[in-house]
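Below is one structure, written out as structure tokens; comments come after it.
The values are calculated or read from the model by the stated rules, or taken from the named source; none is laboratory data. Keep in mind the model is a prediction, meaning the values are calculated, not measured. Quick reminder, even Gly has a Cβ in these numbers, built from the backbone with ideal geometry, and neighbours come from all protein chains shown.
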């Protein structure tokens, strides 16, 4: 459900079952291996002497999900070097690893109790004042029922796009053809992935380019595999799909289970079905393997996979032999990573094997032991990433629904995307909308600047029917900038402005609106953003007239230059919409470009490989350009660059950033 629907549902459940019987599930933020090193390096004062140390030290920990410091030490010579050189950091990091550092709220989990929660669990309030359990999900599930209310702003995007297109309530988005070839040809296979659920990131784009998906199953598999761990299987899946690699199965009997994924283990349900075929397990017993594998419960995983392989009689016999050899858990030998080298089921032995049901086992069914043991290794490895098929299918369906709307209603979809992305940043802390506006233009959708009479609160799609030279009709899309997206103009001011439209002058705006809501800052920003261009294109003249009205000198020139417009729109809109700067007109990938400007920021950083690079920002007459200087060039330039200096930079445009090759004094 969307964010608004999720909150409404929580409040509804509180009304239905009682405010004191419904709560969100809390989470604990703990110090993992890398964060423990960074935390201690800061705490012991080393960062003040060497601000890069914590990043370099932490980067020596292998990038394996959930790896502990002990295991990392066994694997990484680089980490050993730092641990020996800074023993106080290392010792303290080992001590705090795994300890709680913060609390949060589960993304979707809530609990409903038959009696007041304060009689069962401790509670706290989250940042919005909603009751939240102090116990995390693992503890809560032991004595209360957990429900998932998954919050996705993509659902709000879908609803808004359908409303923009006039099909909300007329078209059931759940009834669309999920294998519609137009969706795949026009969206997924043409890299038009902005706003498409789950596949918008750069890494996922590369996978989609290789996979060239043409069906629902392809999207589901990519959603399941594109995570740390299973990514290694994506090339196998792609090669097998296109016949570049032979499809094989651990046993021929498993072909019905693995055929749709070309012999690649992708889903938890595949393990369940395979264990029933191989070992004769019931659905409930197969689910025990799923729980063990998916939740990384080592004992559960070993117990039930071995039961599937050997059957209950042989399992008990083998375990009793091991108990004789290793009578206590502490007597079981460990490997270099601290894991047991042999599985000994002390827990069930102490219970007299009462928890072991009657299972035939794969060996008794004629399956080969060596292949079964190899399969066990695969499943244990699979536990690092296995995905629920229903979850993957649901996400794939939502992804295809967004692609459907972008395919058949592109202008309306992009307007909705711009509206829900307002105020959000990408991983580089850049406004998402600043990224989406050029994409709209590449799609042939013209972005119109805000207009005091035409704009609404959000971005508004406009569709015009035009004719080409042959007289054929076609749709031309425009998106009008929303007043609510102008810097400093929000909520009550926006409502007040729209309620009193239309206006024929700045004076009329001032006289028609509430001055406590539409104040001086907002009026100035409306003028700078170009809202009054349809009345008077000279923004500086309007600013001066407004300054006289309020008895202030706003200190602007009489005429409005191209540079003024670019700067005003960057200030109020985040990007120049009316006029394109030189930087914006340069195609991505163009080399040997040169800019002169003032060096505003110098930000050295250390990569995971331990190399030092530097991010910079240069302010020209038209733009603030972000750049990066890689290690070799940075080592030559680091002692020469000073913030505030006028410089001439040369380099290559790469994904809206300048890859700097040289810097000279301006």
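Those residues that are surrounded by fewer than 19 Cβ atoms within 10 Å (Cβ to Cβ), touching a residue at least 40 places away in the same chain (Cβ under 8 Å) and farther than 18 Å from residue 179 by Cβ, I need them from the range 212-236; list them, please.
Listed by number, the residues that qualify are 227, 228, 229.
Could you say which residue among 9, 70 is out of contact with any helix residue (DSSP H, G or I) (no Cβ under 7 Å at 6 or more places or on another chain), over 30 Å from residue 144 (Cβ atoms) and in a helix (DSSP H, G or I)?
Of the residues listed, the single one that is out of contact with any helix residue (DSSP H, G or I) (no Cβ under 7 Å at 6 or more places or on another chain), over 30 Å from residue 144 (Cβ atoms) and in a helix (DSSP H, G or I) is 70.
Given the condition modelled with pLDDT of 95 or more, outside any helix (DSSP H, G or I) and within 30 Å of residue 201 (Cα to Cα), answer yes or no: does some residue in the range 398-414 qualify?
yes
Take the range 42-63 and flag every residue that is within 17 Å of residue 608 (Cα to Cα) and touching a residue at least 40 places away in the same chain (Cβ under 8 Å).
Across the range 42-63, the qualifying residues are 52, 55, 56, 59, 60, 63.
Give the number of residues within the range 547-577 that are assigned to a loop (DSSP other than H, G, I, E, B) and either out of contact with any helix residue (DSSP H, G or I) (no Cβ under 6 Å at 6 or more places or on another chain) or over 13 Å from residue 525 (Cα atoms) (or both).
Of the residues in the range 547-577, 13 are assigned to a loop (DSSP other than H, G, I, E, B) and either out of contact with any helix residue (DSSP H, G or I) (no Cβ under 6 Å at 6 or more places or on another chain) or over 13 Å from residue 525 (Cα atoms) (or both).
Look through 469, 441 and report the one residue that is out of contact with any helix residue (DSSP H, G or I) (no Cβ under 8 Å at 6 or more places or on another chain) and outside any helix (DSSP H, G or I).
The match here is 469.
Being over 23 Å from the mean Cα position of the chain (by Cα) and either touching a residue at least 24 places away in the same chain (Cβ under 8 Å) or under 19 Å from residue 392 (Cβ atoms) (or both) is true for just one of 284, 243, 263. Which residue is that?
263
Yes or no: the range 454-466 includes at least one residue that is assigned to a helix (DSSP H, G or I) and within 27 Å of the chain's Cα centre (by Cα).
no
Name the single residue that is surrounded by the fewest Cβ atoms within 10 Å (Cβ to Cβ) among those in the range 95-140 being closer than 30 Å to residue 43 by Cα and free of Cβ contacts under 8 Å to residues at least 40 places away in the same chain.
The qualifying residue surrounded by the fewest Cβ atoms within 10 Å (Cβ to Cβ) is 127.
Could you please find all residues in the range 141-162 being surrounded by 14 or more Cβ atoms within 10 Å (Cβ to Cβ), touching a strand residue (DSSP E or B) at 6+ places or on another chain (Cβ under 6 Å) and in a loop (DSSP other than H, G, I, E, B)?
Once the filter is applied, which keeps residues that are surrounded by 14 or more Cβ atoms within 10 Å (Cβ to Cβ), touching a strand residue (DSSP E or B) at 6+ places or on another chain (Cβ under 6 Å) and in a loop (DSSP other than H, G, I, E, B), the range 141-162 yields 144, 149.
Residue 65 is checked against (1) surrounded by 14 or more Cβ atoms within 10 Å (Cβ to Cβ); (2) outside any strand (DSSP E or B); (3) under 31 Å from the mean Cα position of the chain (by Cα) and fails just one. What number does that condition carry?
The one condition residue 65 does not meet is (1).
Table: residues versus (1) surrounded by fewer than 19 Cβ atoms within 10 Å (Cβ to Cβ); (2) within 19 Å of residue 453 (Cβ to Cβ); (3) out of contact with any strand residue (DSSP E or B) (no Cβ under 8 Å at 6 or more places or on another chain).
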{"position": "529", "(1), (2), (3)": "no, yes, yes"}
{"position": "542", "(1), (2), (3)": "no, yes, yes"}
{"position": "545", "(1), (2), (3)": "yes, yes, yes"}
{"position": "554", "(1), (2), (3)": "yes, no, yes"}
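Taking residue 574, is it modelled with pLDDT under 90 and in contact with a strand residue (DSSP E or B) (Cβ under 7 Å, 6 or more places away or on another chain)?
Yes.
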